[in-house]
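Structure first, commentary second.
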Amino acid sequence: MAVITGNHDRPGHTTGPAHPRTARGPGPVPPPPTPDGTTPPHRSHFRMTTQTRTPRTARIRTLAVTALATTAAAAAALTLTSTSAQAAELKQTAPTVKTAPASDNLDGWIKESLAIMKAKGIPGSYEGLHRNIMRESGGNPNAHNGWDSNAQKGTPSKGLLQVIQPTFNAYHVAGTAHDLTDPVANITAAANYAANRYGSIDNVNSAY
């Protein structure tokens, strides 16, 4: 029996299939050319481009949202600062308004009393009130007489026109305070008493 030796690739020799570990499949088939003669990019190129652009697009959107939020915050801060500055400017330029009572001095008390007296039909003038007030109390609404006959009876004279409590209660003018030493209440009650006894406070020139 003859032994076959030599090259297995000689003509007429049939070789077996390639070993699976060394076999390679066909490479990527390029797409056919487009009608204009150009070759479109391979699908792997699209996958790479899509994968590359997606994070980039997300970053761009994130930056845009952050920029909008920063702009809105800056606008709000600017508006708040402007409003605060305007409020401070108004506070500095606005005049201070004193919320004091309508009458806080003798002149005011007399004028307020005259308005009430006029409305109630009680006679009397500014001069008549002022003259008697200065004689009786010197213009002090808290003047208190603790030594005369009224004081000895337990009803001292008080206030601008030195009225005793029983007289104040009897001649109190509605609309004024129920307080003997209240300036307006004291004046109007005394003027009402003088009008009933002397015709007017203007006719009083001494203790009454």
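The values are calculated or read from the model by the stated rules, or taken from the named source; none is laboratory data. The structure displayed is predicted, hence computed values, not measured ones. Cβ placement follows ideal geometry from the backbone for every residue including glycine, while neighbour counts extend to all protein chains displayed. Side chains are part of the model used for accessible areas, which takes the heavy atoms of the whole protein and leaves out ligands, DNA and RNA. Shrake-Rupley method; radii C 1.70, N 1.55, O 1.52, S 1.80 Å.
Where in segment 179-195 does the label zone of Ser206 land, with the point 7 angstrom along Cα→C-beta and an amide N cut-off under 19 Å? Output list for this probe position: 194-195. Looking at segment 150-208, the accessible area is 45 square angstrom per residue; that uses a 1.4 Å probe and ignores ligands, DNA and RNA.
For the peptides 176-189, 125-138, 151-164, the ranking by mean Cβ contacts within 10 Å, running from highest to lowest, is 176-189, 151-164, 125-138.
You can think of it this way: the chain between Lys153 and Asn105 has 14.1 nm of extra reach, that is 0.36 nm per residue less the Cα-Cα gap. Remark: the Cα gyration tensor places segment 101-208 in the rounded category, a/c being less than 1.5.
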